[in-house]
Amino acid sequence: MQMQKAIDNLDRIIADVEDARLQLSGHHIVKIIGISKYNSSDDVNSLYKAGQRAFGENKVQDLKQKMSDLEELPIEWHFVGRLQKNKINNLIDLKPTLMQSLDSLDLAQELNKKLEAKERTMNCLLQINSAKEDSKAGVMPEEAIEVYKQIAQTCPNIKLKGVMSIGAHVEDEDVIEASFKTTRAIFDELQSLGAKYCSMGMSSDFKLAIKCGSNMIRVGSTLFK
């Protein structure tokens, strides 16, 4: 990616984020995570030089490779993909800033057990399947608050920082908005337990997600194109 292209892409995303967040509140802050899963380490480097600091990967092996390639840069790395249990130790060793896809109590318990063995902790978001789609991972909305509390109480090496969800995979914006509002309502209830991040919204729908209260978005194609 040429440097000017990286600057232009990032400027455009920031402008769109500003427009959306101001429609919600002048005091609402949104964190941008660049999802680099289909892009090279050189592309990440270009965007870093343009000013983007946080990036996410959905495969442990790809995260490891990019972290190695760009180890001289103080990048904030996020893991955003479905975590297989046989990859847990590998992810722990990489020490991501935030694991956004903790999608079940069962996975949390297994992750906590291995964190304890390594005397480590990990910051995580609970993934919510707010649209109740079979193709998506995550806890059901009606179970999310109880599962969040169970993880907080029984998994001391997991530091829950909030929730994550993916908007409904449909064309109807009203349906997408409803799925975001479901997650936002859960997040609001969990703030008393220290929930800080409501991560929702991707390249195709992040403006709508921000208007619904998202304070962390995950953008890939619009940032790297």
query: Looking at ALA209, ALA185, which one is part of a helix (DSSP H, G or I) and surrounded by 24 or more Cβ atoms within 10 Å (Cβ to Cβ)?
result: ALA209
- prompt: Is there a residue in the range 57-72 that is of a type outside the set (Gly, Ala, Ser), in contact with a Cys (Cβ under 9 Å, 6 or more places away or on another chain) and within 15 Å of LEU125 (Cα to Cα)?
  reply: no
query: Somewhere in the range 34-57, is a residue open to solvent by 70 Å² or more (accessible area, probe 1.4 Å) and among the polar types (S, T, N, Q)?
result: no
- prompt: Regarding LYS87, is this residue assigned to a helix (DSSP H, G or I), of a type in the set (Lys, Arg), surrounded by fewer than 19 Cβ atoms within 10 Å (Cβ to Cβ) and without any contact (Cβ under 8 Å) to a residue 40 or more places away in the chain?
  reply: yes
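Here is a list: LYS161, LYS132. Which entry is open to solvent by 10 Å² or more (accessible area, probe 1.4 Å) and in contact (Cβ under 8 Å) with a residue 60 or more places away in the chain?
Numbers: LYS132 fails: in contact (Cβ under 8 Å) with a residue 60 or more places away in the chain.
Every option except LYS161 fails the conditions.
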task: Check the range 200-214 and report whether any residue there is within 15 Å of the chain's Cα centre (by Cα) and over 16 Å from ALA20 (Cα atoms).
output: no
Close pairs from the range 1-21: first among the polar types (S, T, N, Q), partner open to solvent by 70 Å² or more (accessible area, probe 1.4 Å), Cβ under 8 Å, at least 6 apart: ASN9/LYS225
Residue among SER199, SER214 that is at pLDDT 95 or above, in a strand (DSSP E or B) and under 17 Å from SER101 (Cα atoms): SER199
- prompt: Identify, please: which residue in the range 141-157 is open to solvent by 10 Å² or more (accessible area, probe 1.4 Å) and touching a strand residue (DSSP E or B) at 6+ places or on another chain (Cβ under 8 Å) and is, among those, farthest from TYR197 (Cα to Cα)?
  reply: ASN157
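The values are calculated or read from the model by the stated rules, or taken from the named source; none is laboratory data. Treat the numbers as computed from the prediction; the structure is a model and nothing was measured. All Cβ positions, glycine included, derive from the backbone under ideal geometry; neighbour counts span all protein chains shown. Note: areas computed on protein heavy atoms with side chains; ligands, DNA, RNA excluded. Shrake-Rupley method; radii C 1.70, N 1.55, O 1.52, S 1.80 Å.
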